[in-house]
Every structure is written in structure tokens, then in C-alpha cells.
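Please read the structure below before turning to the comments.
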Amino acid sequence: MGSLQLQDFVAGLVGGIASVVAGHPLDTVKTRLQAGQGYGNTLKCVLTVYRNESLTGFFKGMSFPLASIGIYSSVVFGVFSNTQRFLSQLRHGDPAATPSLGDMTLASLVAGVISVGIGTPVELVKIRLQMQTQPYTKANIKQNSTAPGSSVYRGSIHCFRTILQKEGIPGIYRGNVAMLLRDVPGYCAYFVPYAMFCDWITPHGSIAPNPFAIWMAGGVAGAVSWAVCTPMDVVKSRLQADGVYSKQYKGTIDCILQSYQNEGLKVFFRGLLVNTIRGFPSSAAMFLGYELSLKAMKGWQSETNP
């Protein structure tokens, strides 16, 4: 693998870590709103989590994403960038040629599909840890099961191992269909608006966008992407949270039908506001971390290879 291709993966790693730190507290609020009970609106949810669990409640389940989202983002950005280069080489004979809108869309689709293989177990563990202290109704709890409100999992590794032992490989990939339906269109609504908005706010004559343009374009792309993703994100969150204490859904279609029958169409827009708000700082940090580390690596390379 050439240095350019490798740099994309390393820069994706840096961006992923920055994104987790910036976005995890609101991600916890989003998950509780989508899959929990009794939280009401966004503000009430924030206050309830803080009152019951203090500030640490917002960072539940963060250690696993911090360790793994870096790898996840590394793969997503690496696959996206290298797919773009491959398509530019194929169409124009030059991997550095400016990609067309169609090329960007296709590269986004490929990145979305690849991301699910790595991302599903990461999301599952994160959501199980975020949800294990939330109240469940007694009707949903089987006798002799762990009492709601008490910890089922001692940490990320214990959570992963427990799911693997009890449910096998299918258990680790619970919610993968919903995640595929979320991420494939989601990454198109992520990379394409970023490139377009970045180009729009970068002054004419500039060789590359400045950090503010990257931050702003990344934030807007994140907000747009999460707004598009929210309905399937609700389904994915419910499927993956299902199983901390009991099993309610048989699969993606069953989850959609039960959610609609019990709560109507509005259920699929739960967490829309917090998703959109969270998408801005999380994605802005992601793209800023990615672009600045990529620029730094290119600078070091030119210094060592004049």
C-alpha cells in the first residue's frame, strides 16, 4: 500500500477519536430518547441523566467506541478516499483528478457497506452499556433476570464476551440490516454535502480549504447526514438495546411494525433534534482531525523527501 493510501487510514483514525470525544455525551442522550422510556424531550432527558447518574452518565460506553471508532473511521475514510482514487484512475487515467459527483456517491456507498461489518459490534456494545441502567417496565422483565437499573455488564470487554457467549456471532451483528439501511444513504448525505459545501465556502484561488471551512463544512455535513439517518437509527438503536434484560423484537421489520403500531409515525423521528445538533460538533471534529492530520503527514513527507 502506498503512503498516500496509508495516510488516509491514519488521518481517519485521528478524526474518529476526535469525533467520539466531541459527540459521545449527546449520543448517550440520543440513545436514551430512542430506545428508553420515561425521558420525554431532549432537555428532560439531559436533566434526568445528570440528576440520576451525574456527568459520568453521559460518557457511559465511551471507552469501547474510543478504542474502536478510530479503527472504524480509519476504514471508512480510507475506503472512501481510495475508492475515489480508483474511480478517477479508471475514468481519467489520473488518480489525483477531481472526482465527479457520481464518483463521490459511489465511493460513499462502498464506504457505507464496508463500515457495517466493523461498526455493528461497536454500536451494539456502546448501546448496551448506555442502556443498562435505564428503567424498564416490570411486564417486560422475565423472572430471575437481572433487575432493571442494575448493571448487567461490567465493561466493554465483558459486554462483548457476554453477548458472544449467549447469542453467538448473530448476536454481535444484531441490527446490522438496520445499520446498512442507515449508513449506505447516510454516508452519501455525509461525504457529498461536505465536498460541495467545502468547495462553496473556500475562497476562489485557494489551493486548499482553511480550517474554518473544513470545520463548518464538516459540521453541516454531519447535521444533514444525521437528519437523513434518524428513522433507521431509531430502529437500529431499539434492536440493539433489545436484549439487555429481555427480547422484544424478532428483526428489523418486526421492530418497525411494533414501533409504528405502539407509538405511530412520530416514533421514527425520536432524537431527530439531538441527532442533528450532535452531528455538527461530532462531524466537524471528525473532518478537522482528518484533514489537518492528512496535511501534517504530507508536510512531514515533503520534508523527509524533498
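The values are calculated or read from the model by the stated rules, or taken from the named source; none is laboratory data. Small disclaimer: the values here were computed from a predicted structure and weren't measured. For neighbour counting, all protein chains shown are included, and Cβ atoms are generated from backbone atoms with ideal geometry for every residue, glycine included. Ligands, DNA and RNA are excluded from the accessible area calculation, which covers all protein heavy atoms including side chains. Shrake-Rupley method; radii C 1.70, N 1.55, O 1.52, S 1.80 Å.
With contributions of -39500 (n - 2.57) from each DSSP H run of at least four residues, the per-residue ellipticity at 222 nm computed over the chain stands at -26000 deg cm²/dmol.
Cross-link check: pairs K166/K250; K44/K166; K30/K166; K126/K298; K60/K295 evaluated at a Cα-Cα cut-off of 24 Å; pairs beyond the cut-off: K44/K166; K30/K166; K126/K298; K60/K295.
Span-like helix criteria (full DSSP H runs; alpha carbon extent of at least 27 Å along the helix axis; mean Kyte-Doolittle hydropathy of at least -0.5) are satisfied in the chain by 3-35, 63-92, 101-131, 176-201, 211-241, 272-304. Dipole magnitude for the chain: computed about the Cα centre from +1 point charges on Lys and Arg Cβ and -1 point charges on Asp and Glu Cβ, it is near 1200 debye.
Computed on the chain, with alpha-carbon pairs under 8 angstrom and 6+ residues apart, the relative contact order is 26 percent. Entry comment: accessible area of segment 209-306 is 46 Å² per residue, from protein heavy atoms only and a probe of 1.4 Å. Atom-type composition of the exposed protein surface of the chain places 66 percent of the accessible area on carbon and sulfur (1.4 angstrom probe).
Between the entries [x] 54, 50, 34; [y] 71, 50, 33; [z] 69, 37, 34, the label attached to Cα extents along the principal axes in Å calculated for this structure is [z]. Can you classify segment 153-306 as rounded, prolate or oblate using the Cα gyration tensor, where a ≥ b ≥ c are the square roots of its eigenvalues, rounded means a/c under 1.5, and otherwise it's prolate if a/b beats b/c and oblate if not? Oblate is the answer for segment 153-306, as a/c is 1.5 or above yet b/c matches or exceeds a/b.
Between segment 263-293 and segment 39-87, the alpha-carbon centres lie 10 Å apart.
Distance between the modelled labels on S206 and Q165, one decimal in nanometres: 5.4 nm (7 Å Cα→Cβ projection).
A Förster radius of 41 Å, combined with the Cβ-Cβ distance separating Q261 from M196, puts the computed FRET efficiency at roughly 0.55.
In this rough spin-label picture, where each label sits 7 Å from Cα along the Cβ direction, the L43-Q89 distance is 5.5 nm. Taking 0.36 nm per residue of separation and subtracting the current Cα-Cα distance, fully stretching the chain between S100 and L66 would add 8.9 nm. Rounded, prolate or oblate, given the Cα gyration tensor of segment 197-258, with a/c below 1.5 counting as rounded? Prolate is the answer for segment 197-258, as a/c is 1.5 or above and a/b outweighs b/c.
Projecting the Cα atoms of V75, H204, I214 onto the dipole axis of the chain, where Lys and Arg carry +1 and Asp and Glu carry -1 at the beta carbon, places V75 farthest toward the positive end.
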